[in-house]
Amino acid sequence: LQARAAASGVSLVAEIVSPLPPIAFDSARIFQVLINLLSNAVKFTQPNGKITVRVSRTGEELRFAVHDTGLGIPADKLELIFERFFQIKKDDRRGMGLGLYISKRIVLGHGGRLWADSTLGKGSTFYFTLPICVALGPAQLRPDRSQSTGALPG
């Protein structure tokens, strides 16, 4: 999304705090979550704004954060934005109101969490976590699903 962000006058920065531990996940689905969060950030960030993506370890989870300097979300809407077809402004046609709902279901299906913090006029941060799999073997990988893993122990 670097080109799309640049075309909108928005800078996009990635920060990866290493070392990151091994983790197994459905790469296509987690990519879908990241693309959705980044696309929303680009849509709702004004020119000269900034989007930062950060990945780090927090306890027994990997924590992803997508922070933008956009308009922000009213506090009373922060939980509602994850509901199916919800849009803050009913006349806003920049989406269908399904992306955050689907993203939350994907993250929950991986045993993680998805939530947002926001301040009106200052921007929003969307977080999601994925559990770290300490001992991962072939029995945990399902051949019927596309999964990616980091470097496996052992």
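Coordinate-derived values only; no laboratory data. Bear in mind that the values here come from a model prediction, so they are computed numbers and not experimental data. Cβ placement follows ideal geometry from the backbone for every residue including glycine, while neighbour counts extend to all protein chains displayed.
For this structure, a couple of remarks:
- Once Rg and the Kirkwood radius are both taken over the C-alpha atoms of the stretch 4-54, their ratio Rg/Rh works out to 1.05.
- Taking other residues whose beta carbon is less than 14 angstrom from the beta carbon of F126, and scoring Lys, Arg as +1 and Asp, Glu as -1, yields +3.
- Projected-area mean, the stretch 1-111, by convex hull of Cα positions, square nanometres: 7.7
- Taking label positions 7 Å along the Cα-Cβ direction at both R84 and Q2, the computed distance is 3.8 nm, reported to one decimal.
- Simple point charges give the picture: +1 on the Cβ of Lys and Arg, -1 on the Cβ of Asp and Glu, and for the stretch 1-130 a dipole about the Cα centre of about 280 debye.
- Gain in span if fully extended, V13 to I102, counting 0.36 nm per residue against the direct Cα distance: 29.6 nm
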